[in-house]
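The values are calculated or read from the model by the stated rules, or taken from the named source; none is laboratory data. Because the structure is a prediction, the values reported are computed rather than measured. Note: ideal-geometry Cβ built from the backbone for every residue, glycine included; neighbour counts use all protein chains shown. In case anyone asks, the SASA skips ligands and DNA or RNA and just uses the protein heavy atoms, side chains included. Shrake-Rupley method; radii C 1.70, N 1.55, O 1.52, S 1.80 Å.
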Amino acid sequence: MEVKLHAARSLVGRLRGAAAVHDGAATAVAIAEIRHATKDDPDIRAPLADAGAVPFLAAQLTAPSAASEDAAAALLNISISARGQLMSAPGLLDALTAALRADEYCAAHHAAATVYSLLCVEANRPVVGARRPLLAALVSLLRAAPNTRATKDALKALFAVALYPPNRATLVGLGAVQALFALIMTDGRSGIMEDATAVVAQVAGCAESLDAFTRMSGLRILVDLVEQGGASTPRTRENAAAALLNLVVAGGERAVAEVIAVGGAEDAVRELAEDATASARGKAKAESLLRALECGGARRREHRLADFLNGLVQSDPYISSPASASTHG
């Protein structure tokens, strides 16, 4: 590792020297060298972070330049092996936010992928979730990204953000629901549909999501996807069922009534629950959702439905607690 550390210090030294004299061409060359090193040699990533590369790379993202793409790619590579060093670097999240907002989509998708990489560490999710400008930039990337890679990277990052339940209401407030359903309705690529519905399923797990879903005719869209033949892939269909389940768990009695009011909802869910070709996960989600809808449709006593929904929360860690949804009961 001494050899790696020496090589890392040499690379960072060249970058530091070029930046000190404001030599843009030399700076770009030094950053390109670091990018290639982090791609070709995983063992040099952590030493580069230890040698102080991160602040210099991050600085290239705040003022877009020809080196921005290389800097963003290098940060992504380093994040795979040195997430702690990146998260502790002053100004890094602000720099990633700037890259997400930039017109350079290559830098933006590297930045989104870096955010996702950082969010693989559970402790980082509330920290990133507290950065509203960063989350807003990810949501905006869904609306603006003209290519599959940038869109998928933004979706992966938003999915990881939403794994921390308190972040879901923030995403709703930033317009994530509108952006996600617009993507679902206009982008027919199966990979995008699967990822978008996966994010929708996570965001659905908060009390604030019901009104946002209703405004976008989201319940109708999800029921259509659950119907046999309504989704292009089984995973998209199962994600739609998971979204409806999370919605009724978080939204309580009112959410159950809203789903029941969508024509054909119970039949579509029942078909999935009884579909022999569906995955065990998809069938389980559909069965739980169907029981919730049947409880609501039969107008059973409220405490019985509440007990059932609370039981679902305890058995599935990816469903947020309905406690905050009491105002909708």
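The phi torsions of segment 165-181, fed into the Karplus equation with coefficients 6.51, -1.76 and 1.60 and a -60° offset, translate into couplings of x, x, 6, 5, 5, 4, 4, 4, x, 8, x, 5, 4, 4, 5, 5, 5 Hz, rounded to whole numbers, with Gly and Pro shown as x.
Across segment 159-260, C-alpha contacts under 8 Å between residues 6 or more apart give a mean separation that, scaled by the residue count, equals a relative contact order of 29 percent.
Only the Cβ atoms of Lys and Arg (+1) and of Asp and Glu (-1) were treated as charged; on that basis the dipole of segment 8-92 about its Cα centre amounts to roughly 160 debye.
Segment 191-223 and segment 110-131 have Cα centres lying 22 Å from one another.
On the protein heavy atoms, probe 1.4 angstrom, tell me the percent of accessible surface of segment 105-255 carried by carbon and sulfur. So the carbon and sulfur contribution to the accessible surface is 55 percent.
Hey, for a label at Ala20 modelled as a point 7 Å past Cα toward Cβ, could you say which residues of segment 57-88 have their backbone N under 20 Å away? Hits in segment 57-88 for Ala20 at 20 Å: 57-60. Dipole magnitude for segment 1-146: computed about the Cα centre from +1 point charges on Lys and Arg Cβ and -1 point charges on Asp and Glu Cβ, it is near 380 debye. Expressed as a rounded percentage, what relative contact order does the chain have, with Cα pairs under 8 Å and six or more residues apart? Normalised by residue count, the contact order of the chain is 11 percent.
With the convex hull of its Cα atoms as the shape, the chain has an orientation-averaged projected area of 17.2 nm².
Less than 26 Å apart at the alpha-carbon level, and either on another chain or at least 8 residues along: which lysines does that give for Lys285? Qualifying lysines at Cα under 26 Å: Lys152, Lys156. With all protein chains kept in place, the per residue accessible area of the chain amounts to 42 square angstrom at a probe of 1.4 angstrom.
Can you list the trypsin sites (Lys or Arg not before Pro) in segment 187-263 that are in a DSSP coil and have 15 or fewer other beta carbons within 10 angstrom?
Numbers: sites: Arg189, Arg215, Arg220, Arg235, Arg237, Arg254; in loops: Arg189.
Passing both the DSSP loop test and the Cβ count: Arg189.
Each principal axis of the Cα cloud of segment 164-307 was taken in turn, and the coordinate range along them, longest first, works out to 41, 36, 27 Å.
Rounded, prolate or oblate for segment 1-98? Axes are the square roots of the Cα gyration tensor eigenvalues, ordered a ≥ b ≥ c, and the cut-off for rounded is a/c under 1.5. Cα axes put segment 1-98 in the oblate bin.
For the chain, what is the charge dipole size about the Cα centre, in debye to the nearest 20, if Lys and Arg each add +1 at the Cβ and Asp and Glu each add -1 at the Cβ? Taking the Cα centre of the chain as origin, the dipole is about 400 debye. Karplus-derived 3J(HN,Hα) values for segment 201-212, using 6.51 cos²θ - 1.76 cosθ + 1.60 with θ = phi - 60°, are 4, 6, 5, 4, x, 8, 4, 6, 6, 4, 4, 5 Hz; glycine and proline are entered as x. Across segment 1-102, the relative contact order, built from alpha-carbon pairs under 8 Å that are at least six residues apart, equals 29 percent. Think of it as helices only: each DSSP H run of n ≥ 4 in the chain is worth -39500 (n - 2.57), and spread over all residues that comes to -23500 deg cm²/dmol at 222 nm.
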